Amino acid sequence: MVCTLYGIVFDMKKGSVDLICDVAELISVFDAEKKDQDILQSVVSTVAWHMRAAVCSIYIYEEERRELVLRATQGLRPEAVGTVRLALGEGITGRAVQELRPICVGKASQSALNCPFPGIEEEKYEAFLAVPILRGLRRIGALVVQDGVANYFGANDTKALRAIAAQLASVIETVRMLDEVHGETEGSSRVLAPKKSVHEGILRGRSASAGTARGRALTLGSSQSDRCLLPDAAGTPHTLEDFEKAVERTVTQINQLQRQTGEELADVAVLIFSAHLLILEDEQFSGRIIKRIEDGTPAVKAISVVVNEYAEVFASSKMPLVREKILDIKDLGNRLLRNLLNEEADECDYKGQIIIAHELLPSDILKLSAENVEGFIVSSGVTSHNAIICRSLRIPMMAVAREVADGIPEGEELLVDATQGIIYLQPGEEVYAKYRKLDATWEALHKASDVKPETRTQCGERVQIFANINLLSDLEPARRFKAEGVGLYRSEFPFIVRNDFPGEEEQYDIYKKLVNQVAGKSVTFRTLDIGGDKMLSYYSNVHEANPFLGMRAIRFSLQNKEIFCHQLRAFLRAGAEGNTRIMFPLISSVDDFEAARDIVHECMDQLEKEGIPFCRDTQLGVMMELPSAVEVAEELAQEADFLSIGSNDLIQYMLAVDRTNEQVSKLYLAHHPAILRSMNRIVSAARTFGKDVSICGDLSADPHMLKFLLGIGLRKFSIDIINAPAIQRSVQETTLAQTQKIAETMLGFGRISEVEAFLETLG
């Protein structure tokens, strides 16, 4: 009996449909009370049962030794676990991992690749299917099934196993992390330098996400925050039963956090608290605490000591994955302590605290947001994706110099004005009163009732304001401010916060929710734009000499066609009954656009053959953000259905200025004459060939430049929707005759100083 799921035919006898659909059965390892080895054993048992396979095994890749080691098996001799090792490229399994592709062999005994390991009874199995487990393009291990019946596995089994392998990557990475910790927690210690105090009452920095935050300083990376603090109640007697109840309460809280975050941020909050649970359920972690309690150590101290051991090992680890978990172990330890002491649940979170950090991962921001953090101060510069996530979550974020961050005393009362880039230390009532008034004024200026459904100039010309959408949570303010559609959906955020590239179905679910929620209004999907300062932690080729000029955006998509096709198919399917467009970032030539367009047409043909609904008339556009694209603007306008000026990167690449580099950021000038003329050329090219043209990026919401943009003919603006009321009011106060004259004057200037002097006259 066969069944079709998402266009794939599955063999019901082997249970492939159950294996694909019942993902919860595998992910339930996060909720079960299993040891890390038991987790992998549960996986192989589950897969073997569903696939009706005699053998299922998991191998983990050790990068330094370039070897695969058998870590769990169902069907081979148990003593093979930990002893069977394969060099990368050795045997069918080693070759599959080396070449990053599944290998299916019908008769292993006749295959030149076959290299059975002696003494584990592997030679009696003819059918062999090995699927690499990857985190992006990085080797994690292999999932292998074997059976005595020749030619037992087919193409659909391969598809099913690949889907499961994708789910396993993050689980196995965490198991590897715990393995490293187990080998290093004994006797570990780390001395941290004390913080130097800053005495000034006002500090200055750079805004990354506007807003005001009030709270006490908590520094990630300090001795206070990296370690689990020992409460004053250290001597309070607690029983082993008290500890076990604290563990149960902690598990309940974390599961609730995951559910809540999953509901509110369904597109990005995928198992972001899974590491908490895996660490908590790790036998050696909880076992160390229990042993100390049984030996007479007070439970509070036992938790603190063990958590601090783990924190020290995490911080000094050579594995980036382990270092990333410092926040998880610290948070987990403090939750356990709070729950042991029966403190209120809301005291387990970061309410009333402003996090100071050298750097943050997007997943860190999401976790801390779910735990009610007030704001962020970072000292390593702000990556664009972190800034964008904070803006979407309405969390203030500032960047300051390292010495400034290092000098803020732990626990200091702060008021962070991330709009103006000011930090007040121990602010007085006068400062608080000033900001309460500013907050009230800001709220009054941005009431939805002040926004009209249509935006027109004083002379009646129609101007359309669209929303930039980063997370699905951005849709509510977009509706409140009456956005006319989604002018730019930044599709990379569901990629950035995950442990692996999301598959077609997962992407389709996100994109379909977006299309449904805008209820017929236009949506412009931008294909994956990673690279530069928007890197994926699981993408193996992340170390480039100059990532802004490297493998990013459309270059990455064209080189990784399978990943590109998954996204394009999901876009096309989501727009089957909607009003959607697809836009390609970082196009440098007509050839780039045509190559991307050809792949879209291939995906359309595939979907048509599979009988899956999509929109054949989906418009395809170009994001104009490179000097080379400006030089062929006329040709691109002929070929593409629409153009969009990506102002942030256009300025960066035209002026060769990294806007995230504090040393040169002052040279990042939107009013540079070359930028003005480039934008005018793009708009003129689009109008010449009757193509739609819009602008997005920070410049699109700059009130000082608005009249120029209107004057060169732009009528569509895609902005962070919080700026909609101010932009609408500015448009309503202008006339086209006025803006055209302003644009003509500004285009005549050849010096930056001339443009600046003229802008000053406009007020």
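The values are calculated or read from the model by the stated rules, or taken from the named source; none is laboratory data. This one's a predicted model, so the numbers in the text were calculated from it and none came from an experiment. Cβ: placed from backbone, ideal geometry, glycine included. Neighbour counts: every protein chain shown.
Could you tell me which residue of segment 392-402 is nearest to residue 528 (Cα to Cα), considering only residues that are in a helix (DSSP H, G or I) and touching a helix residue (DSSP H, G or I) at 6+ places or on another chain (Cβ under 8 Å)?
Checking each candidate, the answer is 392.
For segment 607-629, what are the residues that are touching a residue at least 40 places away in the same chain (Cβ under 8 Å), surrounded by fewer than 22 Cβ atoms within 10 Å (Cβ to Cβ) and in a helix (DSSP H, G or I)?
Of everything in segment 607-629, those that are touching a residue at least 40 places away in the same chain (Cβ under 8 Å), surrounded by fewer than 22 Cβ atoms within 10 Å (Cβ to Cβ) and in a helix (DSSP H, G or I) turn out to be 610, 627, 628.
Give me the strands (runs of 3 or more DSSP E) completely within segment 7-83, filtered to those with at least 3 residues that are at pLDDT 85 or above, ordered by residue number.
Answer list for segment 7-83: 55-62, 67-74.
What residue, of 241, 200, is of a type in the set (D, E, K, R) and modelled with pLDDT of 85 or more?
Sole residue among the options that is of a type in the set (D, E, K, R) and modelled with pLDDT of 85 or more: 241.
Exactly one condition in (1) within 30 Å of residue 737 (Cα to Cα); (2) exposed (fewer than 13 other Cβ atoms within 10 Å of the Cβ); (3) modelled with pLDDT of 85 or more is not met by residue 411; state its number.
Just one mismatch for residue 411, condition (1).
Of the conditions (1) in contact with a helix residue (DSSP H, G or I) (Cβ under 9 Å, 6 or more places away or on another chain); (2) touching a residue at least 24 places away in the same chain (Cβ under 8 Å), residue 668 fails just one. Which one is it?
Of the numbered conditions (1) in contact with a helix residue (DSSP H, G or I) (Cβ under 9 Å, 6 or more places away or on another chain); (2) touching a residue at least 24 places away in the same chain (Cβ under 8 Å), the odd one out for residue 668 is (2).
Tell me, which helices (runs of 4 or more DSSP H) wholly within segment 454-519 include 3 or more residues that are of a type in the set (S, T, N, Q)?
Helices (runs of 4 or more DSSP H) meeting the threshold: 504-518.
Residue pairs, Cβ under 8 Å, 6 or more apart or interchain, first in segment 199-220 and within 12 Å of residue 396 (Cα to Cα), second modelled with pLDDT under 85 and among the acidic types (Asp, Glu). List them.
Listed pairs, sorted by first residue: 206/662; 212/439.
Looking at residue 427 and the list (1) assigned to a loop (DSSP other than H, G, I, E, B); (2) surrounded by fewer than 16 Cβ atoms within 10 Å (Cβ to Cβ); (3) of a type outside the set (Gly, Ala, Ser), which single condition is not satisfied?
Here residue 427 meets the rest and fails (2).
Can you find even one residue in segment 435-451 that is part of a helix (DSSP H, G or I), over 23 Å from the mean Cα position of the chain (by Cα), outside the structural domain of residue 699 (by TED's automatic domain parsing) and at pLDDT 75 or above?
Yes, because at least one residue in segment 435-451 is part of a helix (DSSP H, G or I), over 23 Å from the mean Cα position of the chain (by Cα), outside the structural domain of residue 699 (by TED's automatic domain parsing) and at pLDDT 75 or above.
Does residue 321 meet the test of being at pLDDT 85 or above and either part of a helix (DSSP H, G or I) or on the phi > 0 side of the Ramachandran plot (or both)?
When the stated conditions are applied, residue 321 does not pass them.
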